[in-house]
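Peer 1: Structure provided below as structure tokens; questions to follow.
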């Protein structure tokens, strides 16, 4: 969602801040702004509604020179998208604040400050922080002291960047429930909500922990204080992916680039984790084997696309490990009384490792004291999820810029299959069955490349969807969640209403919607449910429906009136959900391009959902 960039440097920071905002555009936003302390000791600010380019246009005619500054892209939560609601927010031209998250007690604080004479210019929850800081810094005479007092009184989630007119070359920050990293430069220091924003200036980062407060000062001085106020050292980590991984290269959109990166990133997710005939359980950490031996039940909790990955994993885990699995939507999980049987492992997934509902679910679960332990599957090594879960497995997808998740989803599925086989190994899964699936996993990247070679025929197929307003996706077994994921992708980026159903449920309602104006998309792998699926497809055809089927090359489906079939290479049925995801992604992409929507930054959505 919202993005933060801040800098204390030995040069003009305007260009650094602006480029940082551009690199955060993928997160989703509706306005942008910047504040810089100039050489006269004044705070100067520019804000604009819309794209970062609108802010850049203003800066071109009215620049903000200075060696320290903060900047922000906002995704509206409190108050509509408007210039007064855009960040940074100021108080009496003495302090400026940028904020990600939500302050839950802002109404009470607003009333208190209004009674003390502070005038509010926005509808946001963030502006209360600026006025609180102005009040406390006037009393304390020191920005850091005031800042620590203010954050102690805030309820909710936040990542903050703050600067003051009377504190030259100083930026202070804090995090609670929302990510914040420190960029370590050469006699310079930076702050951002995502390391991608700072790869232009550094590849060395300090990932702040929950409750940390940081002060950046001239000369690259970095001081970090933990939640108790004690001075602490945090390790400096080198970013694992090059700056070029955040570039579109020769592709028209990030999403298309990321779709075509899937063979490589799936191979990366497998690298070093496969033995000759089994998965290396040690990949999950030194305690994994002893913990997995105690597992009697699994709770998978996730949001959105990651939830769909968890739904697929339920079929795998119950089939190959005989462990019962419950899959939950993270935003609902902790708002009911959860029954946790003895020996239950908590598993959660997140691309960013900072998703607010997912992190809240993990923390809620770990407070229950009745889970066996926790496993986090994630793409960001220094994220909150990785730090707080007992065990973790990196998906190795690299930076994913497009809001609609593609390679993060397929690498999550790959990681979940590795987990299935690792758990199966310690629970006595037959060795020949393990060996077969390991060999099939090794073939998976090349099969994915083969499917991506169908881009042109899928693009041709997409023309049939350009003028449609609704679509229905069908799947059976582990492919029902894949149908759900296909429907999600289409609605996310093309704005066509789409929903998914288990194919066997057609006669219980959805058939009433089927006509020639509602395309029906189905995946047809060669598995034990194929004959039943064929019958379901005939139900659609008999009612005048138009079918688009992605089918295994060996299933015997051929094109006819009302049925378009695209054949995919044969793959082991257990891994078919990963392979069949790819054509659905390409279909959604090409439909969105035809409709002229913003593929990488669809309206109203954000990449990293760091608020509830």
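Peer 1: Taking the Cβ-Cβ separation of residue 210 and residue 60 as r and a Förster radius of 45 Å, what is the calculated FRET efficiency to the nearest 0.05?
Peer 2: Using R0 = 45 Å, I get an efficiency of 0.70.
Peer 1: Continuing with this model, one more query. Output the peptides 62-68, 479-485 sorted from most to least packed, where packing is the average of other Cβ atoms within 10 Å over each peptide's residues.
Peer 2: My ranking of the peptides, most packed first, is 479-485, 62-68.
Peer 1: Please find the FRET efficiency linking residue 93 to residue 53, where r is the Cβ-Cβ separation and R0 is fixed at 30 Å, and quote it to the nearest 0.05. If you can, show how the numbers build up before the last one.
Peer 2: On the way: r = 27 Å, r/R0 = 0.90.
For residue 93 and residue 53, the calculated efficiency is 0.65.
Peer 1: Suppose the chain between residue 467 and residue 233 were pulled fully straight at 0.36 nm per residue; how much longer would it get relative to their current alpha carbon spacing?
Peer 2: Numbers: separation 234, 0.36 × 234 = 84.24 nm, distance 5.74 nm.
Once the chain is fully extended between residue 467 and residue 233, it gains 78.5 nm.
Peer 1: Rounded to the nearest 500, what is the 222 nm mean residue ellipticity of the chain from helices alone, with -39500 (n - 2.57) per DSSP H run of 4+ residues and division by all residues? Could you put the intermediate results ahead of the total?
Peer 2: Values: 18 runs with 213 residues, N = 612.
Taking each H run of at least 4 residues, the total per residue is -11000 deg cm²/dmol.
Peer 1: Along the Cα→Cβ direction, 7 angstrom out, place labels at residue 460 and residue 264. What is the inter-label distance in nm?
Peer 2: It works out to 2.9 nm between the two label points.
Peer 1: Right, next: Determine, from the Cβ-Cβ distance of residue 443 and residue 250 and an R0 of 35 Å, the FRET efficiency 1/(1 + (r/R0)^6), rounded to the nearest 0.05.
Peer 2: It comes out at approximately 0.80.
Peer 1: Going by how many other beta carbons lie within 10 Å of each one, how would you line up 473, 284, fewest first?
Peer 2: Ordered from fewest to most neighbouring Cβ atoms within 10 Å, 473, 284 come out as 284, 473.
Peer 1: Quote to one decimal, in nm, the extra length available between residue 155 and residue 364 on full extension: 0.36 nm per residue of separation minus the C-alpha distance between them. Working shown, then result.
Peer 2: Working: separation 209, 0.36 × 209 = 75.24 nm, distance 1.71 nm.
Taking 0.36 nm per residue and subtracting the Cα distance, the gain is 73.5 nm.
Peer 1: Report relative contact order for segment 3-239 in percent, whole number only (criteria: Cα-Cα under 8 Å, sequence separation at least 6).
Peer 2: 21 percent
Peer 1: Kindly rank 194-200, 165-171, 349-355, 336-342 from highest to lowest mean number of other beta carbons found within 10 Å of each residue.
Peer 2: On the way: 194-200: 24.0, 165-171: 19.0, 349-355: 28.0, 336-342: 11.0.
In descending order of packing, they fall as 349-355, 194-200, 165-171, 336-342.
Peer 1: From Cα pairs below 8 angstrom and at least 6 apart in sequence, can you work out the relative contact order of the chain, rounded to a whole percent?
Peer 2: Reported relative contact order: 12 percent.
Peer 1: Another question, if that's okay. Is the C-alpha gyration tensor of segment 3-239 telling us rounded, prolate or oblate? Criteria: a/c under 1.5 is rounded; beyond that, a/b larger than b/c is prolate, otherwise oblate.
Peer 2: rounded
Peer 1: Still on this structure, I have one more. Between the helical axis of 304-321 and the dominant principal axis of the chain, each derived from Cα atoms, what acute angle in degrees is found, rounded to the nearest 10?
Peer 2: 50 degrees
Peer 1: Residues of segment 359-394 with amide nitrogen under 14 Å from the 7 Å Cα-to-Cβ point of residue 280?
Peer 2: Inside the label zone: 394.
Where a number appears in this text, it was derived from the coordinates with a stated rule and is not lab data. If you're wondering where the values come from, they're calculated on a predicted model, not measured in any experiment. Backbone-built Cβ (ideal geometry, glycine too); neighbour counts: all protein chains shown.
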